[in-house]
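Beneath this line is the structure, given in structure tokens, with notes to follow.
The values are calculated or read from the model by the stated rules, or taken from the named source; none is laboratory data. Note that the coordinates shown come from a computational prediction; the quantities given were computed from them, not determined experimentally. All Cβ positions, glycine included, derive from the backbone under ideal geometry; neighbour counts span all protein chains shown. Please note that ligands, DNA and RNA were not included when accessible areas were found on the heavy atoms of the full protein model with its side chains. Shrake-Rupley method; radii C 1.70, N 1.55, O 1.52, S 1.80 Å.
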Amino acid sequence: MPLTTHLVHQYLRHDKKFPHVWCPGCGNGIALGALIRSIHHLGYNRDDIVLVSGIGCSSRMPVYVDFNTLHTVHGRALTFATGIKLARPHLKVIVIMGDGDAMAIGGNHLIHAARRNLNLTAIIMNNNIYGMTGGQHSPTTPYGMRSTTSPYNHIERAFNISELIVTAGAGFVARGTVYHAEMLHVLIEKAIQKPGFSLVEIITHCHIQYGKLNQKGTHIDMMKWQKDHAVTVEKAQKMTIEELKDKFTIGVITDQNLPIYYDEYEKVKQRAQLSEK
Ligand code: SF4
């Protein structure tokens, strides 16, 4: 599908919610475009979609689009989404979170949503820092990097979001970048179509906070870094550990069919009704 802005604009709340809050060059707009194209391409009616988010720069995404939207509290987007899906199972519920929102404050919700295989799609924008709240380190800030709360270099090691969620038991996990925009909407489409819990981790850049604090250059330099360090899952299988040392993989990381929480819950209800007779 062509990367036209015309299509994306059809879904935006131009009249009420613009101008947006994002810095020029931020990757959030690219990710939002990929999400809109995925939903459009899959043929959903905009009323079939619920976008739920927590707090942070990327969590502003639902504010700007004309779907059913819920902008909730920090770290709790998955809990709201779980309730919506239980109450309205016919809706397609997509949760947008940043790395701090999803992995720190909401970390416990995330691993248990994956383990239960809740019928939700989670999209995590990973820019290695808390952007909106002032550049504090997050659970994905790499060791040795700087943030406003680690001005003498960060002493913790970073979570690998996708690997953590594979281990937590999700049926579908993929990783993309905002540089690889064409691939990104294909990955999001696959995640949305997958029954059960699906995750797309999006490697993006915060050139204003993380980039400035760590001399990473402009948003274009940071996107070039994504281009130079991303390797497809297929290519990585043919590379040595040494060759993969400063690389990360993009593509579908796991795709398996597992029991889905809501189906299992229906079975429990049926068993309970039978035992009452
Ligand atoms: Fe994007 Fe960083 Fe600006 Fe937030 S602070 S809008 S993440 S560039």
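Anyone know which of 112, 90, 154 comes out most mobile in the 10 Å Cα GNM of the chain?
Comparing 112, 90, 154 in a Gaussian network model of the chain, the most mobile one is 90.
Report the extension gain between residue 234 and residue 263 in nm, rounded to one decimal, defined as 0.36 nm multiplied by the number of residues separating them, less their alpha carbon distance.
So the chain would gain 7.2 nm between residue 234 and residue 263.
How big is the dipole moment of the chain about its Cα centre under a simple scheme where the beta carbon of each Lys and Arg is +1, that of each Asp and Glu is -1, and everything else is neutral? Debye, nearest 20, please.
340 debye
How about segment 106-213: which GluC sites (Glu not before Pro) there lie in a loop by DSSP and see at most 14 other Cβ atoms within 10 Å?
In loop regions of segment 106-213 (DSSP not H, G, I, E or B), the sparsely surrounded GluC sites (Glu not before Pro) are 156.
Express the carbon and sulfur contribution to the solvent-accessible surface of segment 71-157 as a percent, rounded to the nearest whole number, probe 1.4 angstrom.
The C+S portion of the solvent-accessible surface of segment 71-157 is 55 percent.
Between residue 73 and residue 270, how many nm apart are label points set 7 Å from Cα along the C-beta direction?
In this crude label model, residue 73 to residue 270 measures out at 3.8 nm.
If one takes the longest principal axis of the Cα atoms in the chain, at what angle in degrees, from 0 to 90 and to the nearest 10, does the Cα axis of helix 219-229 lie?
Helix 219-229 sits roughly 70 degrees off the main axis of the chain.
Roughly speaking, what is the centre-to-centre gap between segment 52-100 and segment 159-198 when only Cα atoms are used, to the nearest Å?
What the calculation gives is 17 Å, centre to centre.
I need the phi-derived Karplus couplings for segment 43-58: 6.51 cos²θ - 1.76 cosθ + 1.60, θ = phi - 60°, integer Hz, Gly and Pro marked x.
x, 6, 6, 4, 6, 7, 9, 10, 9, 10, 9, x, 10, x, 4, 5
Over all alpha-carbon pairs of the chain, lay out the pair-distance distribution in 10 Å bins, whole %, shortest bin first.
Pair shares across the bins are 7, 29, 37, 20, 6, 2, 0.
Rounded to the nearest 500, what is the chain's calculated 222 nm mean residue ellipticity when only DSSP H runs of at least 4 contribute -39500 (n - 2.57) each, over all residues?
Result for the chain: -10000 deg cm²/dmol, rounded to the nearest 500.
Which semi-axis lengths, in whole Å and largest first, follow from the square roots of five times the eigenvalues of the Cα gyration tensor of segment 168-236?
Each semi-axis is the square root of five times an eigenvalue, giving 26, 13, 11 Å.
By how many degrees, 0 to 90 and rounded to 10, does the Cα axis of helix 181-193 deviate from the longest principal axis of the chain?
That works out to roughly 20 degrees.
Straight distance only, please: which lysines reach the Cα of residue 269 with their own Cα at less than 29 Å, same-chain residues fewer than 8 apart left out?
85, 92, 194, 277
Out of 184, 244, 164, any idea which swings most in a Gaussian network model of the chain, alpha carbons joined below 10 Å?
In the Gaussian network model the winner is 244.
Which percentage, to the nearest 5, of the DSSP beta bridges contained in the chain is antiparallel?
20 percent
So what's the net charge close to residue 159: Lys and Arg +1, Asp and Glu -1, counting the other residues with Cβ under 14 Å from its Cβ?
Net local charge, residue 159 excluded: -3.
What number, in percent, do you get for the relative contact order of the chain if the mean sequence gap of Cα pairs under 8 Å and at least 6 apart is divided by its residue count?
Once divided by the residue count of the chain, the mean separation gives 17 percent.
For the chain, modelled as a GNM with alpha-carbon contacts under 10 angstrom, which of 206, 57, 23 fluctuates the most?
Result: 23 has the largest fluctuation of those listed.
Residues of the chain: accessible area per residue at 1.4 Å, in Å²?
Using a 1.4 Å probe on heavy atoms only, each residue of the chain averages 49 Å².
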